[in-house]
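Below is one structure, written out as structure tokens, with a few remarks after it.
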Amino acid sequence: MKALPPLLAAAFVLGACADSGANYTPVLDGPPGPAFQDDLAACQALARDQRQFDQETMGAAVLGAGAGALFGHFDDGADVAGGAIAGALAGGTAAAVESSERREAIVVQCLRGRGHRVVG
């Protein structure tokens, strides 16, 4: 059970990143209009509600843990738990970054759809 604390720490780190893209405030071409703050809040809430990204992140972490455990098992005397932890972190981190980028894109597209001149 030595692997449990590092796995819990990995889950905490991945969970902390879950809404990072949804909190994105894009750059505007010009001053914000009077409705910008309300529209920004609504678009960020829309991005935050996309929970399928969180499920994909957890799935990638589980797949990474399985792959890491296999590599750890077949590497001469390597630690299976260590491989699982490394794989979970690698898979989960990559998926969390992708999820964050997709949430940022949702905020940008939503604001553009509401008539704001968003450049990125």
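Just name the residue that is farthest from residue 31 (Cα to Cα) out of those in region 90-112 that are surrounded by fewer than 21 Cβ atoms within 10 Å (Cβ to Cβ), at pLDDT below 75 and of a type in the set (A, V, I, L, M, F, W, C).
Top of the filtered list is 90.
So in region 27-49, with the set limited to residues that are modelled with pLDDT under 95 and surrounded by 16 or more Cβ atoms within 10 Å (Cβ to Cβ), which one is nearest to residue 110 (Cα to Cα)?
Here the answer is 47.
Give the number of residues within region 91-118 that are out of contact with any Leu (no Cβ under 7 Å at 6 or more places or on another chain) and outside any helix (DSSP H, G or I).
Total satisfying the criteria: 2.
The values are calculated or read from the model by the stated rules, or taken from the named source; none is laboratory data. Note that the coordinates shown come from a computational prediction; the quantities given were computed from them, not determined experimentally. In this analysis, Cβ positions are derived from the backbone assuming ideal geometry, glycine residues included, and neighbour counts consider all displayed protein chains.
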